[in-house]
Amino acid sequence: MDVDGGGGGAAQEEAERRMEGEVRRAVEEAKELQDAAATRVAAASGEEQSMRQRTVALDSTIRRLRASVGAQAVGGLLDPKVAERLEEELQRARCIVADGDASSFLPSKAQGGFVRMFLGPINVRASRKEVQLKVKEEYNSYRDRTALLFLIFPSALLVLRSWLWDGCFPAFPVQLYQAWLLLLYTGLALRENILSINGSDIRPWWIYHHYCAMIMALVSLTWEIKGQPNCAQKQRGVQLFLQWAIMQGVAMLLQNRYQRQRLYTRIALGKAKRMDVVWGETAGVDGQLWLLCPILFIMQGFEAYVGFLLLQTALVGVTSEWQVIFCGILLVLMAVGNFANTVQTLLAKSRFKAKMKRTKGKQELD
């Protein structure tokens, strides 16, 4: 028995020594790995800082050269054709820097309070270009889905109002739609802020427009939906707003179909970045603009009309709640802002086309 016990003790000691040796080797390997990783991170940090300085310096040089080319072209020191060619080459260089992996070394835009309110103080700037492009593709997919819902949701409400609800909207379906609008515009504004931080060229007005739309949707949730008597008169603003939403859905579908193809062409020519996005009036060839612009202007006019109608119903005492006045003012402001932004973009496109025609005419004369 003592022999067996001694043999068992020796086997136990051997197993303990073997296990302790394996654990010691694992601990040593962890320390070596940590030291190697720390050395690697320090070296990468130094390389990253050097790349950041080079990228910022090159970006500054490109901006300085573009300003110099423009000034010399205006002063007559450069031939217009040469100046235009140099401008295109500098723009292509700018797109290479801003659209490639080097873009992660450029200073990022300040993260606004809207993103911090929802996500906290985290950095949403993607360091890899493929991650940035996935964010953009998800944004485009979100717009595609919401365009269809913009058509389906209000259309269903209007049809049910005529067929099932005897010309009078119940409160719950309308408030459900308003809650969906709040979710929709919050999602759009959040995605657009993140895209802007990652180098997209989204115009600030569209983000502000969605802020206004969010506030309007939130306020409309507290707006009591009046029923009988005089239901049709009291809900006239709701009916027109749903009709305007259908028009907006049609415009969004046209934008998503035509304008994205135009952006791909501009990216291939080096005149736009892969992170850029488009809205209805910001890109497109002449045929597309002839189709989109009337729809956009009609939609903006109808939006203003709905806003004025809500203000009128409040002034004559049909529905005098503060929500009616507030939503009416917001709709008018958004319509004016959309109209001004559309006109500004069309004027810029007109000036650019006139410049291209003058350059082409000079080339033909030469």
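The values are calculated or read from the model by the stated rules, or taken from the named source; none is laboratory data. Remember, it's a predicted structure, so these values are computed and weren't measured experimentally. Cβ atoms come from the backbone with ideal geometry, glycine included; neighbour counts cover every protein chain shown.
Does Arg64 satisfy the criteria of being more than 28 Å from the chain's Cα centre (by Cα) and either under 22 Å from Asn198 (Cβ atoms) or in contact (Cβ under 8 Å) with a residue 24 or more places away in the chain (or both)?
It is false that Arg64 is more than 28 Å from the chain's Cα centre (by Cα) and either under 22 Å from Asn198 (Cβ atoms) or in contact (Cβ under 8 Å) with a residue 24 or more places away in the chain (or both).
With the structure loaded, tell me whether Thr55 is of a type in the set (Ser, Thr, Tyr) and more than 32 Å from the chain's Cα centre (by Cα) or whether it fails that test.
No, not satisfied.
Of the residues that make up the stretch 278-297, is at least one within 20 Å of Cys212 (Cα to Cα), among the small types (Gly, Ala, Ser), assigned by TED's automatic domain parsing to the domain that holds Leu181 and modelled with pLDDT under 80?
Yes, the conditions are met somewhere in the stretch 278-297.
Would a scan of the stretch 10-27 turn up a residue that is within 30 Å of Val97 (Cα to Cα) and small (Gly, Ala, Ser)?
Within the stretch 10-27, not a single residue is within 30 Å of Val97 (Cα to Cα) and small (Gly, Ala, Ser).
If a residue must be assigned to a helix (DSSP H, G or I) and surrounded by 16 or more Cβ atoms within 10 Å (Cβ to Cβ), how many such residues does the stretch 75-86 contain?
3
Okay, residues lined up against (1) more than 19 Å from Arg128 (Cβ to Cβ); (2) among the hydrophobic types (A, V, I, L, M, F, W, C); (3) not assigned by TED's automatic domain parsing to the domain that holds Val97:
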{"site": "Gly9", "(1), (2), (3)": "yes, no, no"}
{"site": "Glu14", "(1), (2), (3)": "yes, no, no"}
{"site": "Met19", "(1), (2), (3)": "yes, yes, no"}
{"site": "Lys31", "(1), (2), (3)": "yes, no, no"}
{"site": "Ala38", "(1), (2), (3)": "yes, yes, no"}
{"site": "Ala42", "(1), (2), (3)": "yes, yes, no"}
{"site": "Gly46", "(1), (2), (3)": "yes, no, no"}
{"site": "Arg52", "(1), (2), (3)": "no, no, no"}
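Just one of Phe308, Phe302 is modelled with pLDDT under 85, touching a Leu at 6+ places or on another chain (Cβ under 9 Å) and of a type in the set (A, V, I, L, M, F, W, C); which is it?
Within the list Phe308, Phe302, the selection yields Phe302.
Tell me, please, whether a residue that is modelled with pLDDT under 85, in the same structural domain as Met252 (by TED's automatic domain parsing) and small (Gly, Ala, Ser) can be found in the stretch 164-187.
yes
Among the hydrophobic types (A, V, I, L, M, F, W, C), modelled with pLDDT under 75 and surrounded by fewer than 16 Cβ atoms within 10 Å (Cβ to Cβ): which single residue out of Ala126, Ala110, Ala98, Ala102 fits that description?
Ala110
From Tyr185, Tyr177, which residue is in contact with a Pro (Cβ under 8 Å, 6 or more places away or on another chain) and surrounded by 19 or more Cβ atoms within 10 Å (Cβ to Cβ)?
Going through Tyr185, Tyr177 in turn, the sole match is Tyr177.
Looking at Gln72, Gln12, Gln53, can you tell me which residue is in a helix (DSSP H, G or I), loosely packed, with under 11 Cβ neighbours inside 10 Å and either of a type in the set (S, T, N, Q) or on the phi < 0 side of the Ramachandran plot (or both)?
The match here is Gln12.
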